[in-house]
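The values are calculated or read from the model by the stated rules, or taken from the named source; none is laboratory data. Everything numeric here is computed off the predicted structure, so don't read it as measured data. FYI the Cβ positions are ideal-geometry reconstructions off the backbone, even for glycines, and counts take in every protein chain you see. For accessibility, only protein heavy atoms count, side chains too; no ligands or nucleic acids. Shrake-Rupley method; radii C 1.70, N 1.55, O 1.52, S 1.80 Å.
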Amino acid sequence: QVQLVESGGGLVQPGGSLTLSCAASGNILRIFTMGWYRQAPGNQRELVAVITAGGSTNYADSVKGRFTIPRDNAKNTVYLQMKSLKPEDTAVYYCNVLTVMAQYWGQGTQVTVSS
């Protein structure tokens with residue numbers, strides 16, 4: 001079993017910055033990808049950003065140039081660095097980890113962008 005612990009959500013003004021973190025622990029055999037998804041009220045969960053074990057990244061068009069997803073393989077931790085935040089970025093952000101055994105989700109952390 002793998003546990004994911006997220007932190008870093010909160011309230012931020014438009015144009016502000018916020019960093020989320022997600023630490024994976026437990027029976028981690030091999031992690032393929034680590035990433036972030038988000039879900040706003042009334043919307044489906046959508047991919048925000050993902051990074052492979054080799055460091056390749058993929059971003060949603062809506063966050064390109066504003067968000068980055070660094071990863072610390074030694075700590076099994078992934079981050080989501082968000083800048084130039086917009087009200088439409090408001091959502092619950094979920095960490096996602098894909099391993100050789102299964103896919104795991106974090107509990108979610110709320111990000112609210114509002115003045």
Surface share of carbon and sulfur [accessible, 1.4 angstrom probe, percent] for the range 12-64
46 percent
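Can you put 69, 28 in order of accessible area, largest first, using a 1.4 Å probe?
Correct descending sequence by accessible area is 28, 69.
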Once you treat every alpha carbon in the chain as an equal point and sum by Debye, what is log10 I(q)/I(0) at q = 0.12 Å⁻¹?
-0.38
Theoretical FRET efficiency, 1/(1+(r/R0)^6), r = Cβ-Cβ of residue 56 and residue 114, R0 25 Å, to 0.05:
0.15
Treating only Lys and Arg (+1) and Asp and Glu (-1) as charged, each at its beta carbon, one finds that the chain has a dipole about its Cα centre, in Debye to the nearest 20, of 160 debye
Simple spin-label model, 7 Å along Cα-to-Cβ: residue 102 to residue 66 in nm?
3.4 nm
Could you calculate the contour length gain from residue 13 to residue 73, that is, 0.36 nm times the residue separation minus the distance between their Cα atoms, to one decimal place in nm?
18.5 nm
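Taking Cα pairs under 8 Å and at least six residues apart, what relative contact order does the range 1-74 come out at, in percent?
Across the range 1-74, relative contact order equals 21 percent.
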